[in-house]
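These notes concern the structure reproduced below.
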Amino acid sequence: MNQPAESPVEYQDRDGAEMLRVSDLHAFYGESHILHGVDFNVKRGELVTLLGRNGAGRSTTLKAIMNMVGRRTGSIMINGNETLGMPAHRIPRLGIGYCPEERGIFASLDVEENLLLPPTVRSGGMSIDEIYEMFPNLYERRRSQGTRLSGGEQQMLAMARILRTGARMLLLDEITEGLAPVIVQKLGQVLIKLKERGMTIVLVEQNFRFAAPLADRHFVMDHGLIVEEISAAELPSKRDHLHSLLGV
Amino acid sequence: MTMIFGVPLAVFMGQLLLGLINGAFYALLSLGLAVIFGLLKIVNFAHGAMYMLGAFATLLGMRYLGINYWAALLLAPLFVGLFGMLIERFLLRRIAHLDHLYGLLLTFGIALILEGTLVNFFGVSGARYPTPEALQGGYQTGFMFLPKYRAFVLVAAIVVCLFTWYMIERTRLGAYLRAGTENPALMQAFGVNVPLLITLTYGFGVALAAFAGVLAAPLYPVSPTMGSNLLIVVFAVVVIGGMGSILGAVITGLTMGLIEGLTKVYYPEAANTVIFLVMILVLLIRPAGLFGKEA
């Protein structure tokens, strides 16, 4: 029952180039049409956010990139490779790590098994020692059942396990949701460290105060579309406008 | 003569051993069912037919290809496992998105077709398969006669059960399997080829049934209906143990065999129904099964 020897995916590494380009992406869950032509791009090493109200289509956009929704049309280029026709299990092997909103910690596995679960997709991932250094709590609780951890620890675990795989781009869905401020702060530090390591990050976030100082660009979504792009430099002048878009 | 509650020790131990051997078959079969149910969420009604195919592959392999028992112990499960993978890939996968009841119906249909086809060629009376030479005879243990082959069946079944448990609970591959059982979509998003994992799991589950079939060939008449007769009891065992628990399936299988054996000693009339009585009791008191998790 081994993993099949995957034929190496055609892969191009071009520094400074686009890591992700989503064009005219439509996505459907059964009969319901969720995304209505999403367009955005992410450069290598950039941290961008997808902001918006609940139901705007931010989580669906991440899921659509991972081929976890029903039907999709349009184009999703990852590192210059079109992925729309790719089976779901091939997409992470382009160097993508996905952290779902519900965190997806496995109850039947202990913490260390959870951590070691995702297969290595590329070389150059963090070692288990580096990860335990970054998240000391996980080391202390490595023999506990995954779902026995606190919400914050589960979130750390969900992040930590995709850092081991060698993924170069992380899709993070609502990682601060429902967590105590001190843990949110810790997650912010982790994201800064990851950015320093050259990771590309797409952050779906409700907590704008958390996202604002970290991101290079913000994309605002509404009704399954990107309605506004705001760079970090433009942010101070557009803050009021953004708040009205987000309804906060 | 030593008596235990009014029964001679030799008779008591003999029935206990018989019960344990039956229990070993229950354990192997319910283990395969549990493995398959875990990942595919399908109640594999073709399981009895796969057990029967294992026995038939052993019998026909010897008759027409000169394959001896020891080779059959490896080749028959391999053959049936491959056959199972074809079933999964080309039939079960097509209906995987539908209600799991359809999978149950499909596997039931497959079982009927396999049985019917073999009845057509071989009749229902069954054929005998010789006990392998090295395992003929037995040991005189002082209080009872222990046939070598039965001792072998018991040991082989327990070894395979423990091996399976170890694979699933203690290895990385097993972690994939357990995680895939919980959240297949996320496993795909980590880069695990879940459809392939499902095919291999089904193949492995039915290979366990076929292994039991090989073990059974020298003990019971090899007949097309041997599987369906056994499967009813095995389903009762699975209900008692709780669906999806690996260790639960093994322990329950062996225990139910023993209970059946003991009933044969003290109240033979109830021997065939005692497992179903236990099943009813368990369903009343702990509907998820002794080792099952409450939903």
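Select, from A:Leu187, A:Leu171, A:Leu116, A:Leu179, the only residue that is hydrophobic (A, V, I, L, M, F, W, C) and more than 30 Å from A:Gly224 (Cα to Cα).
Values: A:Leu187 fails: more than 30 Å from A:Gly224 (Cα to Cα); A:Leu171 fails: more than 30 Å from A:Gly224 (Cα to Cα); A:Leu179 fails: more than 30 Å from A:Gly224 (Cα to Cα).
From the options A:Leu187, A:Leu171, A:Leu116, A:Leu179, the qualifying one is A:Leu116.
Does A:Leu170 satisfy the condition of being in a helix (DSSP H, G or I), of a type outside the set (Val, Ile, Thr) and under 22 Å from A:Glu102 (Cα atoms)? Lay out the reasoning, then the answer.
Details: in a helix (DSSP H, G or I): no; of a type outside the set (Val, Ile, Thr): yes; under 22 Å from A:Glu102 (Cα atoms): yes.
Judged against the criteria, A:Leu170 is not a match.
I'd like to verify a number: residues in segment A:63-83 that are over 18 Å from the mean Cα position of the chain (by Cα), part of a loop (DSSP other than H, G, I, E, B) and either over 13 Å from A:Phe28 (Cα atoms) or more than 13 Å from chain B (Cβ to nearest Cβ) (or both), how many? Even if it seems obvious, please write down each step before you answer.
Initial filter on segment A:63-83 (over 18 Å from the mean Cα position of the chain (by Cα)): A:70-75, A:80-82.
Subset that is part of a loop (DSSP other than H, G, I, E, B): A:70-71, A:80.
Retained after the next criterion (residues that are either over 13 Å from A:Phe28 (Cα atoms) or more than 13 Å from chain B (Cβ to nearest Cβ) (or both)): A:71, A:80.
Count: 2.
Across segment A:176-198, what is the number of residues that are in a loop (DSSP other than H, G, I, E, B) and either surrounded by 14 or more Cβ atoms within 10 Å (Cβ to Cβ) or of a type in the set (Phe, Trp, Tyr) (or both)?
Quick first cut of segment A:176-198, residues in a loop (DSSP other than H, G, I, E, B) only: A:176-180, A:197-198.
Then keep just the ones that are either surrounded by 14 or more Cβ atoms within 10 Å (Cβ to Cβ) or of a type in the set (Phe, Trp, Tyr) (or both); that gives A:176-177, A:179.
Summing the residues that are in a loop (DSSP other than H, G, I, E, B) and either surrounded by 14 or more Cβ atoms within 10 Å (Cβ to Cβ) or of a type in the set (Phe, Trp, Tyr) (or both) in segment A:176-198 gives 3.
Any residue that is touching a strand residue (DSSP E or B) at 6+ places or on another chain (Cβ under 8 Å), away from every other protein chain (no Cβ under 14 Å) and at negative phi - is there at least one of those in segment B:152-167? Break it down into steps so the answer makes sense when it comes.
Residues of segment B:152-167 that are touching a strand residue (DSSP E or B) at 6+ places or on another chain (Cβ under 8 Å), as a first pass: none.
Looking for residues that are touching a strand residue (DSSP E or B) at 6+ places or on another chain (Cβ under 8 Å), away from every other protein chain (no Cβ under 14 Å) and at negative phi, one finds none in segment B:152-167, hence no.
Kindly indicate the residue of segment A:132-160 that is under 25 Å from B:Asn193 (Cβ atoms) and modelled with pLDDT of 90 or more and also farthest from the chain's Cα centre (by Cα) among those meeting that condition.
A:Leu157
Go through the residues of segment B:124-132 one by one and say whether even a single one is surrounded by 12 or more Cβ atoms within 10 Å (Cβ to Cβ) and part of a helix (DSSP H, G or I).
no
Which one of these is out of contact with any helix residue (DSSP H, G or I) (no Cβ under 8 Å at 6 or more places or on another chain) and at pLDDT 95 or above: B:Phe90, B:Phe121?
Numbers: B:Phe121 fails: at pLDDT 95 or above.
Exactly one residue qualifies, and that residue is B:Phe90.
Checking the conditions here, which among A:Ile230, A:Ile226, A:Ile201 is assigned to a strand (DSSP E or B), free of Cβ contacts under 8 Å to residues at least 40 places away in the same chain and surrounded by 17 or more Cβ atoms within 10 Å (Cβ to Cβ)?
On the way: A:Ile226 fails: free of Cβ contacts under 8 Å to residues at least 40 places away in the same chain; A:Ile201 fails: free of Cβ contacts under 8 Å to residues at least 40 places away in the same chain.
Going through A:Ile230, A:Ile226, A:Ile201 in turn, just one is assigned to a strand (DSSP E or B), free of Cβ contacts under 8 Å to residues at least 40 places away in the same chain and surrounded by 17 or more Cβ atoms within 10 Å (Cβ to Cβ): A:Ile230.
Is it true that B:Leu258 is within 14 Å of chain A (Cβ to nearest Cβ), out of contact with any Phe, Trp or Tyr (no Cβ under 9 Å at 6 or more places or on another chain) and at pLDDT below 95? Please lay out each step first, then the result.
Numbers: within 14 Å of chain A (Cβ to nearest Cβ): no; out of contact with any Phe, Trp or Tyr (no Cβ under 9 Å at 6 or more places or on another chain): yes; at pLDDT below 95: yes.
So B:Leu258 fails the test.
Might you check whether a residue that is away from every other protein chain (no Cβ under 12 Å) and either in contact (Cβ under 8 Å) with a residue 24 or more places away in the chain or more than 19 Å from B:Ala72 (Cα to Cα) (or both) occurs anywhere in segment B:182-196? Give the derivation first.
So the first thing to find is which residues in segment B:182-196 are away from every other protein chain (no Cβ under 12 Å), and the list is none.
Checking segment B:182-196: not a single residue is away from every other protein chain (no Cβ under 12 Å) and either in contact (Cβ under 8 Å) with a residue 24 or more places away in the chain or more than 19 Å from B:Ala72 (Cα to Cα) (or both).
Exactly one of these conditions fails for B:Val43: (1) outside any helix (DSSP H, G or I); (2) touching a His at 6+ places or on another chain (Cβ under 6 Å). Give me its number.
So B:Val43 meets the others, but not (2).
Kindly list the number of the only condition in (1) more than 14 Å from chain A (Cβ to nearest Cβ); (2) in contact with a Phe, Trp or Tyr (Cβ under 6 Å, 6 or more places away or on another chain) that fails for B:Leu230.
Condition not satisfied by B:Leu230: (2).
Select from segment A:87-131 the residues that are more than 8 Å from every other protein chain (Cβ to nearest Cβ) and at positive phi and write down the one among them that is surrounded by the fewest Cβ atoms within 10 Å (Cβ to Cβ).
A:Gly124
Restricting to segment B:187-221, what's the tally of residues that are buried (at least 24 other Cβ atoms within 10 Å of the Cβ), among the aliphatic types (A, V, I, L, M) and over 18 Å from B:Glu88 (Cα atoms)?
Residues in segment B:187-221 being buried (at least 24 other Cβ atoms within 10 Å of the Cβ), among the aliphatic types (A, V, I, L, M) and over 18 Å from B:Glu88 (Cα atoms): 7 in total.
Can you give me the ranges of the helices (runs of 4 or more DSSP H) entirely in segment A:105-163 with at least 1 residues that are out of contact with any helix residue (DSSP H, G or I) (no Cβ under 6 Å at 6 or more places or on another chain) and charged (D, E, K, R)? Before you say what the answer is, go through the steps one by one.
On the way: elements: A:111-116, A:128-134, A:136-140, A:151-163.
In segment A:105-163, A:111-116, A:128-134, A:136-140 are the helices (runs of 4 or more DSSP H) which contain 1 or more residues that are out of contact with any helix residue (DSSP H, G or I) (no Cβ under 6 Å at 6 or more places or on another chain) and charged (D, E, K, R).
Just checking, which of B:Leu114, B:Leu16, B:Leu82, B:Leu53 is part of a helix (DSSP H, G or I), in contact (Cβ under 8 Å) with a residue 24 or more places away in the chain and crowded, with 23+ Cβ neighbours inside 10 Å? Step through it out loud before you land on a result.
Working: B:Leu114 fails: crowded, with 23+ Cβ neighbours inside 10 Å; B:Leu16 fails: crowded, with 23+ Cβ neighbours inside 10 Å; B:Leu82 fails: crowded, with 23+ Cβ neighbours inside 10 Å.
Of the residues listed, the single one that is part of a helix (DSSP H, G or I), in contact (Cβ under 8 Å) with a residue 24 or more places away in the chain and crowded, with 23+ Cβ neighbours inside 10 Å is B:Leu53.
Would you call B:Gly61 free of Cβ contacts under 8 Å to residues at least 40 places away in the same chain, farther than 26 Å from B:Val159 by Cα and more than 18 Å from the chain's Cα centre (by Cα)? Explain how you work it out, then say what you get.
Numbers: free of Cβ contacts under 8 Å to residues at least 40 places away in the same chain: yes; farther than 26 Å from B:Val159 by Cα: no; more than 18 Å from the chain's Cα centre (by Cα): yes.
No: the conditions fail for B:Gly61.
The values are calculated or read from the model by the stated rules, or taken from the named source; none is laboratory data. These figures come from a predicted structure and were not determined experimentally. Every residue, glycine among them, receives a Cβ derived from its backbone with ideal geometry; neighbour counts consider all protein chains shown.
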